[in-house]
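Peer 1: Encoded as structure tokens, here's the structure I'll be asking about.
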């Protein structure tokens with residue numbers, strides 16, 4: 001079932017990209033494995049997906065014990081500063097930086113791990129109180145603060161849109177993040193290389209692709 005679901009999602013990514021004039025190769029499928037065990041995650045890898053995303057540090061560590069560095073690991077959920085030390089030498093990309101304090105700890109731990117840690121700034125575009133992320137208008141201030149760090153590189157922006165009831169409902173949020181992304185790109189902050197837009201999940205990844213997503217985070221559509 002997982003293989004068939006992955007094929008379906010990949011076909012939809014391809015078709016959506018082509019239909020809106022984009023190169024499908026510019027869009028990365030991040031398989032969100034938070035609801036499945038390591039054996040299911042291995043099946044994802046066997047199907048050709050190379051990027052796995054986890055919401056929780058503990059779940060990532062449990063799967064890492066089995067899969068090690070076979071996948072490219074992304075931490076996509078809320079990250080507490082006291083948990084950074086457990087993943088600093090394991091993850092390729094952290095999607096959920098939303099404060100200077102967290103960025104400082106990531107920079108410190110990355111230095112100890114002798115690496116440059118790629119991160120995304122999580123932006124709460126919808127303004128929902130239940131969502132993590134900084135306000136769009138605070139994004140550039142955080143980028144200015146991070147510009148002085150030596151072991152962190154901001155690769156782009158991430159958002160989690162509301163759960164949509166119908167197709168097209170979240171395009172306004174994705175469009176707003178893309179506009180912010182393009183504006184920031186033009187300003188060329190130090191310690192940033194703005195080339196990643198992480199937005200769109202199982203119910204709305206096609207809309208996210210239409211608005212410029214370069215990473216879509218898909219879980220339910222792969223495993224249900």
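Peer 1: Can you tell me which of (1) farther than 21 Å from residue 112 by Cα; (2) within 16 Å of the chain's Cα centre (by Cα) is the one residue 93 doesn't meet?
Peer 2: The single condition residue 93 does not satisfy is (1).
Peer 1: I want to confirm something. Restricting to segment 47-64 and keeping residues that are loosely packed, with under 14 Cβ neighbours inside 10 Å and touching a residue at least 12 places away in the same chain (Cβ under 8 Å), which single residue is nearest to residue 117 (Cα to Cα)?
Peer 2: Going residue by residue through segment 47-64, those that are loosely packed, with under 14 Cβ neighbours inside 10 Å are 48, 50, 58.
When the remaining residues are screened for being touching a residue at least 12 places away in the same chain (Cβ under 8 Å), the result is 48, 50.
Numbers: 48: 25, 50: 19 Å.
My answer is 50.
Peer 1: Across segment 146-166, what is the total count of residues that are in contact with a helix residue (DSSP H, G or I) (Cβ under 6 Å, 6 or more places away or on another chain) and either without any contact (Cβ under 8 Å) to a residue 40 or more places away in the chain or farther than 24 Å from residue 193 by Cα (or both)?
Peer 2: Of the residues in segment 146-166, 0 are in contact with a helix residue (DSSP H, G or I) (Cβ under 6 Å, 6 or more places away or on another chain) and either without any contact (Cβ under 8 Å) to a residue 40 or more places away in the chain or farther than 24 Å from residue 193 by Cα (or both).
Peer 1: Just need a number here: residues in segment 182-205 that are touching a residue at least 12 places away in the same chain (Cβ under 8 Å) and over 14 Å from the mean Cα position of the chain (by Cα). So that I can check it myself, show each step before the final result.
Peer 2: Residues of segment 182-205 that are touching a residue at least 12 places away in the same chain (Cβ under 8 Å), as a first pass: 184, 187, 189-205.
Applying the additional criterion that residues be over 14 Å from the mean Cα position of the chain (by Cα) yields 184, 187, 189-193, 203-204.
Qualifying residue count, segment 182-205: 9.
Peer 1: Let me ask something additional. Looking at residue 83, is it within 24 Å of residue 30 (Cα to Cα), modelled with pLDDT of 95 or more, under 19 Å from the mean Cα position of the chain (by Cα) and in a helix (DSSP H, G or I)? Give the derivation first.
Peer 2: On the way: within 24 Å of residue 30 (Cα to Cα): yes; modelled with pLDDT of 95 or more: yes; under 19 Å from the mean Cα position of the chain (by Cα): yes; in a helix (DSSP H, G or I): yes.
Yes.
Peer 1: For segment 46-79, which residues satisfy the criterion of being touching a helix residue (DSSP H, G or I) at 6+ places or on another chain (Cβ under 9 Å) and in a helix (DSSP H, G or I)?
Peer 2: If the condition is that a residue be touching a helix residue (DSSP H, G or I) at 6+ places or on another chain (Cβ under 9 Å) and in a helix (DSSP H, G or I), then 46, 57, 58, 60, 61, 62, 63, 64, 65, 66, 67 are the ones that fit.
Peer 1: Can you tell which of 120, 163 is surrounded by 15 or more Cβ atoms within 10 Å (Cβ to Cβ) and at negative phi? Let's see the steps before the verdict.
Peer 2: Working: 163 fails: surrounded by 15 or more Cβ atoms within 10 Å (Cβ to Cβ).
One residue alone meets the criteria, 120.
Here's the yes/no breakdown for (1) surrounded by 18 or more Cβ atoms within 10 Å (Cβ to Cβ); (2) assigned to a helix (DSSP H, G or I); (3) without any contact (Cβ under 8 Å) to a residue 40 or more places away in the chain; (4) on the phi > 0 side of the Ramachandran plot:
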site: 4; (1), (2), (3), (4): no, yes, yes, no
site: 44; (1), (2), (3), (4): yes, yes, no, no
site: 91; (1), (2), (3), (4): yes, no, yes, no
site: 94; (1), (2), (3), (4): yes, no, yes, no
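Peer 1: Something else about it: Does residue 75 satisfy the criteria of being touching a strand residue (DSSP E or B) at 6+ places or on another chain (Cβ under 8 Å), in contact (Cβ under 8 Å) with a residue 40 or more places away in the chain and farther than 22 Å from residue 3 by Cα? So that I can check it myself, show each step before the final result.
Peer 2: Working: touching a strand residue (DSSP E or B) at 6+ places or on another chain (Cβ under 8 Å): yes; in contact (Cβ under 8 Å) with a residue 40 or more places away in the chain: no; farther than 22 Å from residue 3 by Cα: yes.
When the stated conditions are applied, residue 75 does not pass them.
Peer 1: Can I ask one more? Kindly indicate the residue of segment 181-193 that is in contact with a helix residue (DSSP H, G or I) (Cβ under 8 Å, 6 or more places away or on another chain) and farther than 18 Å from residue 124 by Cα and also surrounded by the most Cβ atoms within 10 Å (Cβ to Cβ) among those meeting that condition. Write out each step before concluding.
Peer 2: Restricting attention to segment 181-193, the residues satisfying the condition of being in contact with a helix residue (DSSP H, G or I) (Cβ under 8 Å, 6 or more places away or on another chain) are 184, 187, 189, 191-192.
Narrowing the set further to residues that are farther than 18 Å from residue 124 by Cα leaves 187, 189, 191-192.
Working: 187: 11, 189: 16, 191: 18, 192: 20.
Only one residue fits best here, namely 192.
The values are calculated or read from the model by the stated rules, or taken from the named source; none is laboratory data. What you see is a predicted model; the values in this text were computed from it and never measured. Note that each Cβ is placed from the backbone with ideal geometry, even for glycine, and that neighbours are counted across all protein chains shown.
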